[in-house]
Amino acid sequence: MSKAPLMPVEDALDQLLGMANEQRLADSELLALDDARGRVLASDLVATLDLPPWPNSAMDGYALNLADLHRQPLKVSQKVYAGLAPDTLLPGTCARIFTGAPLPPGATCVEMQENVEVLEDGRVRFLQPLKAGQNIRAQGQENRVGDILLRAGKRLGPFELAVAAGQGLAQLHVVRRPRVALLSTGDELVEPGQPLRPGSIYNSNRVLLGHWLRELGCEVIDAGILPDRPAQTRLKLEQLQVRADLILTTGGVSAGDADCLGQVLRDNGKPLVWKLAIKPGKPLTVGHFGAVPVIGLPGNPTSALVTFGLLARPYLLRIQGVDDVMPLSFTVNAGFDWHKAGGRREYLRVRLEAGRAVLYPNQSSGVLLGATWADGLVEIPENSTHNLGDPLRFIPFNELF
């Protein structure tokens, strides 16, 4: 009996995003700007102010009406500081003005102070040719009332929050946090701080994925470690489905006798995705238990890292309303030879050195330390080999996070 073909990464991603489009979160909450970083904007941010709200000076210098230039030297009739409302400019005079200060009515340009000669009697002479609008930031130069500044679905970082602050907003409506139940499976797992039993290992995936989920704006329901028992797996999923928008698991998704999650989903749920043409990370399961989506990641730490970053992360962003969910990537030159053409697309941990991607020496899916050394992942397409200097797609870790 021939084996079923492995599913391409793009097909798996399409199915995940299709699921996410049907399960977008509709609820929102009002948050202070200081609490909104990393969250997703629930509605368009529309400008209620022109920015700048009035013409202002881009320089420390002197504001004048060009029509008075032939009458120089000009008397300084007022000083205008940022935060003060100026008087109308008197005919035949200029105003001493400072960066950001409102332009006096009647002024048509600003000359920087370096190009002005101040005479002994305090009058000033302009040393360079001038033109209308020079060194003036026009009202509404950045935006006008009614402009859409940020679209719904935008993830909020420092720049976006500063734009909101510039409109005088102290709060924003954001999509509520996805509730993600994080479940580790495997008799071999022990939580950090507990003594190791013979044959056991510490559970690093819970820490990795818990922090990553919170960075993506999720509320994490820590469901602990589940032993390799089908009945207990089924019971735990039944309990979690009433609390979570997504059940995210690690381990137990392959085809072994102890891989209970995949078995329970096949018997009681609706599995959509099984084995992927990806390395590391082939044994990945996506499906539903009842009405709740389940993403079952492999248990090996780097397999969990790669599949979460490339598949689960886009899903979680999409259900929050983010349209552009793919990480930015760019082309780098290989700093290594790769002569092992494989049938699965491979993602290798690399560091950028002198413009080239250098391989971490141990690419085993069980080795997590390489992620702390590396800057990101390079993609090796299926059935391909590469020589030193060949172009490869590079995905920085800071894009995935």
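Counting only residues that are open to solvent by less than 40 Å² (accessible area, probe 1.4 Å) and over 18 Å from GLN78 (Cα atoms), segment 116-131 holds 1 of them.
Can you pull out the residues in segment 196-218 that are open to solvent by 60 Å² or more (accessible area, probe 1.4 Å) and either among the aromatic types (Phe, Trp, Tyr) or in a helix (DSSP H, G or I) (or both)? Listed by number, the residues that qualify are TYR202, ARG206, VAL207, HIS211, ARG214, GLU215. Annotation note: of GLU346, GLU382, the sole residue that is at pLDDT below 95 and acidic (Asp, Glu) is GLU382. Filtering segment 143-160 to residues that are in contact with a Lys or Arg (Cβ under 7 Å, 6 or more places away or on another chain) and of a type in the set (A, V, I, L, M, F, W, C) leaves only LEU156. Could you tell me whether segment 225-238 includes any residue that is over 19 Å from PRO283 (Cα atoms), polar (S, T, N, Q) and either surrounded by fewer than 18 Cβ atoms within 10 Å (Cβ to Cβ) or at pLDDT below 90 (or both)? Within segment 225-238 (the criterion being over 19 Å from PRO283 (Cα atoms), polar (S, T, N, Q) and either surrounded by fewer than 18 Cβ atoms within 10 Å (Cβ to Cβ) or at pLDDT below 90 (or both)), the answer is yes, since at least one residue qualifies. What residue, among those in segment 132-160 that are more than 25 Å from TRP54 (Cβ to Cβ) and not small (Gly, Ala, Ser), is least open to solvent (accessible area, probe 1.4 Å)? Filtering first and then ranking leaves LEU156. Here THR331 passes the criteria (1) hydroxyl-bearing (Ser, Thr, Tyr); (2) in a strand (DSSP E or B); (3) surrounded by 15 or more Cβ atoms within 10 Å (Cβ to Cβ) except the one numbered (3).
Every residue, every condition in (1) more than 26 Å from LEU169 (Cα to Cα); (2) assigned to a helix (DSSP H, G or I); (3) aliphatic (A, V, I, L, M); (4) open to solvent by less than 60 Å² (accessible area, probe 1.4 Å), yes or no:
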{"site": "LEU25", "(1), (2), (3), (4)": "no, no, yes, yes"}
{"site": "SER43", "(1), (2), (3), (4)": "no, no, no, yes"}
{"site": "THR48", "(1), (2), (3), (4)": "no, no, no, no"}
{"site": "TRP54", "(1), (2), (3), (4)": "no, no, no, no"}
{"site": "TYR62", "(1), (2), (3), (4)": "yes, no, no, yes"}
{"site": "ALA67", "(1), (2), (3), (4)": "yes, yes, yes, no"}
{"site": "VAL76", "(1), (2), (3), (4)": "yes, no, yes, yes"}
{"site": "PRO91", "(1), (2), (3), (4)": "yes, no, no, no"}
{"site": "VAL110", "(1), (2), (3), (4)": "yes, no, yes, yes"}
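Cβ-Cβ contacts under 9 Å between residues 6 or more apart (or on different chains), taken from a first residue in segment 7-25 that is over 22 Å from ALA42 (Cβ atoms) to a second residue that is assigned to a helix (DSSP H, G or I) and of a type in the set (Ser, Thr, Tyr), are listed as LEU13/TYR315; LEU16/TYR315. Just one residue in the set LEU31, LEU103 is open to solvent by 20 Å² or more (accessible area, probe 1.4 Å), closer than 27 Å to ASP147 by Cα and touching a Ser or Thr at 6+ places or on another chain (Cβ under 7 Å); that residue is LEU103. Looking only at residues of segment 161-195 that are at pLDDT 95 or above, outside any strand (DSSP E or B) and among the charged types (D, E, K, R), we find that the one that is least open to solvent (accessible area, probe 1.4 Å) is ARG176.
The values are calculated or read from the model by the stated rules, or taken from the named source; none is laboratory data. Model, not experiment: these values are computed from the prediction. Note: ideal-geometry Cβ built from the backbone for every residue, glycine included; neighbour counts use all protein chains shown. To get the accessible areas, we keep the full protein, side chains included, count just its heavy atoms, and leave off ligands, DNA and RNA. Shrake-Rupley method; radii C 1.70, N 1.55, O 1.52, S 1.80 Å.
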